[in-house]
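Chemist: One structure is given below, represented as structure tokens, and several questions about it will come after.
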Amino acid sequence: MTPATRQEVLGLYRRVLQIAKNWQSASGQIEETMREKEYIRNEARTLFRKNKNVTDPKLIKQCIEECEARIEIGLHYNIPYPRPIHLPPMGLAHKQGRTLRHQEKLRKISKPIYLKSHDEIS
């Protein structure tokens, strides 16, 4: 990791922690606000620790883009959780075979960048 990339990652981490510190829930209830603040801190801690040994520049760039996307979506919609998406069910594929592999591949590439790591830790 280059020093510039390291500074960018640390800056993102500080930004997420600052957002968590100043977070207000949409409902305005203190309990919900505290729960959402804790979720933001835990999510950031988990994902940054999980990716701390990543050395591939392309993968680092992808992680940075995912973090920035989740920050912007969270601030825009005022929810800290990843926004749900609609992916069609895999009801047409057989339990094995080329059709199933093709549908799994399509589902994987159609997943938005801000949800790439969410299924791995949930």
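Chemist: Straight-line reach from K52: which aspartates and glutamates have Cα under 20 Å away, leaving out those fewer than 8 places along the same chain?
Modeler: Within reach: E8, E43, E65, E66, E68, D119, E120.
Chemist: Points 7 angstrom from Cα along the Cβ direction at K52 and R6: gap in nanometres?
Modeler: So the label points at K52 and R6 sit 1.4 nm apart.
Chemist: Let me ask you something else. Ignoring everything but the protein chains, give the 1.4 Å probe accessible area of H102 in square angstrom, nearest 10.
Modeler: Here the accessible area works out near 110 Å².
Chemist: Between E31 and H102, what length comes free when the chain is fully extended (0.36 nm per residue of separation minus the Cα-Cα distance, one decimal in nm)?
Modeler: Details: separation 71, 0.36 × 71 = 25.56 nm, distance 4.44 nm.
So the chain would gain 21.1 nm between E31 and H102.
Chemist: Taking 0.36 nm per intervening residue step and subtracting the Cα-Cα distance, what contour gain separates A69 from Y13 on full extension? Don't jump to the answer; show the numbers that get you there.
Modeler: Working: separation 56, 0.36 × 56 = 20.16 nm, distance 1.36 nm.
Taking A69 through Y13 to full extension adds about 18.8 nm, to one decimal.
The values are calculated or read from the model by the stated rules, or taken from the named source; none is laboratory data. It should be emphasised that the depicted structure is a prediction, and the values quoted were computed from it without experimental measurement. Virtual Cβ from ideal backbone geometry, glycine too; neighbours counted across all protein chains shown. To get the accessible areas, we keep the full protein, side chains included, count just its heavy atoms, and leave off ligands, DNA and RNA. Shrake-Rupley method; radii C 1.70, N 1.55, O 1.52, S 1.80 Å.
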